[in-house]
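Step one of this worksheet: look at the structure below.
Read the figures in this text as sums done on the coordinates, not as results from a lab. Keep in mind that what you see is a predicted model, and the values were worked out from it rather than measured. Backbone-built Cβ (ideal geometry, glycine too); neighbour counts: all protein chains shown.
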């Protein structure tokens, strides 16, 4: 009887999670118009168009090149390629191909572009944003709170974070957020599937794919879950590693086709050093604009900072740290992974990346979007365990501030907050803890 009740509860949670994800996915569809794009988006779109229409990863013959103005390119021999990892573009080409071959649509045709953009953004980025909420709702189920409140908080995160901002434009970070949050949820909450061989294989497939799309976040979680599952099973997680292999081999093959090496082109700076490259000009050339600790403060608390734009994540980081320090807590392994991911990625982007500024011409700290849903789950877990009205009020206020940032960012994801003067942003920008900005382009 107890087992039957537990099974029904698990199924009920699964239904609620998928319904929330579906609802969020549907609401993103009308928001994909008008298209929001930048050099970052165009770089991937040129690869998609070239793969489908000319069967090559090279983009120098793409009609989009002249209008893109994208600096995100490398030259290898006589060819020009996007500097982005090619896996996401290859997946998107699989969606664009039937639209082009079956319906005659062309990305380079102005009359078709809006429909193609909507299909790619909603069909891939929007879908994965919905998956992020599916995983988040399952993680929030670990908190001792009312299920309806958990549903509302899950949707609240969707509309008050960078998940909304980047859910309406083509990018890799939203995709990684969906893949990684769902993978974490399977491992952390799956009493049956999550502990089966098929569950481990699915988790490996998700994290392996994320590692090919958002290399820092996906790579960390692929390694971290390998360790977690190995410790939990007291042996090598064979099924999990088998799931990782396919996406990693596919990405390595695509990368080899481009540069003759399985390594990302970003690991070879000389490929960016060619005549006409933006990265050899004054605005694009690397310049150290201050000490790196200052760069890190900006990354977290600056005008575009991760914790500035989605302040509820402050409670999430606190919650993960608190539970990670509690020996014997059932959630301690998950908390350690989430907390370590924050420390590793902040450290990597602060000291490991040779960039003049951390976000380019984009809104907020999109580079940490992949770990934001899992971090938010610990904010809910913390509040649920505290059970204090003042903590709930603080949480509500932080979510409201995040919603102001998210709605403004959704209107134009490829703009700097420092240069925006929206009425809502004017107020919340006054709350910035560290107003210094490195952006000077």
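Side notes on the structure shown:
- Report summary: the helix-based calculation at 222 nm, which adds -39500 (n - 2.57) for every DSSP H run with n ≥ 4 and divides by the residues of the chain, gives -19500 deg cm²/dmol.
- The Cα trace of the range 1-149 gives Rg and Dmax of 20.1, 69 Å, the first to one decimal, the second as a whole number.
- Treating r as the C-beta distance of residue 230 and residue 343 and R0 as 25 Å, the FRET efficiency rounds to 0.75.
- When only Cα pairs below 8 angstrom with a gap of at least 6 residues are kept, the range 321-441 shows a relative contact order of 25 percent.
- Reported to the nearest whole Å, the Cα centre-to-centre distance from the range 107-140 to the range 287-323 is 27.
- Principal-axis tilt of helix 292-301 within the chain, Cα atoms, nearest 10 degrees: 60 degrees
- Peptides 213-223, 57-67, 86-96 ranked from most to least packed, by the mean per-residue count of other Cβ atoms within 10 Å: 213-223, 86-96, 57-67.
- Rg/Rh for the range 338-435, where both radii come from Cα atoms and Rh is the Kirkwood radius: 1.00
- The alpha-carbon atoms of the chain define a convex hull whose volume equals 149 cubic angstrom per residue.
- Relative contact order, percent, the chain [alpha-carbon distance under 8 Å, six or more residues apart]: 18 percent
- If R0 equals 30 Å, the separation of the Cβ atoms of residue 431 and residue 29 corresponds to a calculated FRET efficiency of about 0.40.
- Potential lengthening between residue 114 and residue 238 on full extension [0.36 nm per residue; Cα-Cα distance subtracted]: 40.3 nm
- Degrees between helix 110-120 axis and first principal axis of the chain (Cα, 0 to 90, nearest 10): 30 degrees
- Top of 367, 79, 200 by mean-square fluctuation, Gaussian network on the chain, Cα under 10 Å: 79
- Overall form of the range 200-342: oblate. Here a/c, set by the Cα gyration tensor axes a ≥ b ≥ c, is 1.5 or more, and a/b is not larger than b/c.
- Helix 332-347 vs. the chain, principal-axis angle (Cα, 0 to 90°, nearest 10): 30 degrees
- Global geometry of the range 31-104, whether rounded, prolate or oblate, following the gyration tensor of its Cα atoms and the 1.5 cut on a/c: oblate
- Label-point separation, residue 14 to residue 332 (7 Å along Cα→Cβ), nm: 3.1 nm
- Using a simple spin-label model with pseudo-atoms 7 Å out from Cα toward Cβ, residue 293 and residue 421 lie 3.6 nm apart.
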